[in-house]
1. Taking the solvent-accessible surface of protein heavy atoms with a 1.4 Å probe, what is the per residue accessible area of the chain in Å²?
2. Check the straight Cα-Cα distances from Lys287 and name the aspartates and glutamates below 19 Å, setting aside those fewer than 8 residues away within the same chain.
3. Quick one: Karplus J couplings for segment 237-251, per residue in order, coefficients 6.51, -1.76, 1.60, θ = phi - 60°, nearest Hz, x for Gly and Pro?
4. Starting from the amide H of Arg157, placed 1.01 Å from N in the peptide plane, find each other amide H under 5 Å away whose residue is 5 or more places distant or on another chain.
5. Sorted by accessible area (1.4 Å probe), largest first, how do Ile276, Ile194, Ile65 line up?
6. What is the calculated FRET efficiency for Asn247 to Ala154, with r their C-beta to C-beta distance and R₀ = 51 Å, to the nearest 0.05?
7. Would you mind calculating the gained length between Asp277 and Leu204 on full extension (0.36 nm times residue separation, minus the Cα-Cα distance), in nm to one decimal?
8. What do you reckon, how do His104, His71 stack up by accessible area (1.4 Å probe), largest on top?
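The values are calculated or read from the model by the stated rules, or taken from the named source; none is laboratory data. Model, not experiment: these values are computed from the prediction. Glycine also receives a Cβ, built like all others from the backbone with ideal geometry; neighbour counts cover every protein chain displayed. Surface accessibility is based on the protein's heavy atoms, side chains included, excluding ligands, DNA and RNA. Shrake-Rupley method; radii C 1.70, N 1.55, O 1.52, S 1.80 Å.
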Amino acid sequence: SSVQPCGISDDERRPPSSELLEVVQRGLGMKPKRLPSWLFYDERGSALFERICEQPEYYLTRCEIALMDEHAADIAEALGSEVRLVEYGSGNAIKTRMLLEHLHAPVTYVPVEISPEPLRQSMERLAAAFPRLPLQPLCADFSRPLRLPIPPRAPRRTVLYFPGSTIGNFENRGAAALLRKMRNEMGDAGGILIGVDLKKDPALIEAAYNDRAGVTAEFTLNMLARLNREIGSNFELSAFAHRAHYNPMAGRIETHLVSRREQQVKVGRVNVPFRIDEAIQVEYSCKYSLEDFAALAARAGLAVQRVWTDPQRMFSVQYLVR
Ligand code: AVI
């Protein structure tokens, strides 16, 4: 296998800490206050997210794995042979392996991941499991335009794999823009294999984001610990609470950090005031009906060619083409 070094160019990196301070000050100056959800994923946040995926209430991962277990051969058939598989993110070792095990003569696997260390680790594991598969890791922010490495030989098509329903963390406009960007990257003959969480009983959805063990709450609050460490803010973690509610009109979980009391937080030179119960909006997790998602895909110039679901129709994996 050919593992390439992780070359990050400046325009592909998350902002350095001075810019991070600006991002946070800007977000906390908005009304209502908001912070971007990518701030969750420092080292501890990524580890906590992996633990979320193991919680009994967090059905998404379990259902997507069950679905892959049942349909991986059929999915591989739909993608065809001699594919260049580009994965948005690299933390999905189990699902990726299930897919790679069934793909016919894949030309190369390109995981796109912003954090160098998780990328390196997943490359090591994959190289051991698929010693003959060329690996071309790309250390970059997948939400920005990508310069994909030149494949070792010409693939029949490029398939962008985006599992986990991470598309749900983008608002409608952002999701359509991201799909449009992916449409450019996959080229005329390409496709997008994407995990999409489905609408269902709101109680089940809310439980997934309010697990009894409190791992999701820890994950949400870790954003503040990260900011304290990286930009020197003085958020008191015990003075904020995790809140995740399903908004049925918008079809999404809305996650907030709620101030437990009136307080002031120092963020750089700025003192940010909080009223009691004032919330910072930190994440949306959008849920789709099959019709909703087909309409979103259409906005990006894409058609849904195939849909696979788990037996309870909780989660879907969809194949989009031009
Ligand atoms: C990564 N993403 C799909 C997760 C979700 O379900 O929205 C992130 C997450 N946030 C809280 N729990 C899980």
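1. Numbers: 15010 Å² over 322 residues.
Computed with neighbouring chains in place, this is 47 Å² per residue.
2. Glu57, Glu64, Glu171, Asp197, Asp201, Glu206, Asp211, Glu254, Asp310
3. 4, 6, 8, 10, 10, 7, 9, 10, 10, 8, 9, x, 5, 8, x
4. The answer is Arg84.
5. Values: Ile276 105, Ile194 0, Ile65 45 Å².
Per-residue accessible area, sorted high to low, gives Ile276, Ile65, Ile194.
6. Numbers: r = 46 Å, r/R0 = 0.90.
E between Asn247 and Ala154, to the nearest 0.05, is 0.65.
7. Numbers: separation 73, 0.36 × 73 = 26.28 nm, distance 2.53 nm.
Result for the pair: 23.8 nm of gain on full extension.
8. Numbers: His104 85, His71 45 Å².
From most exposed to least exposed: His104, His71.
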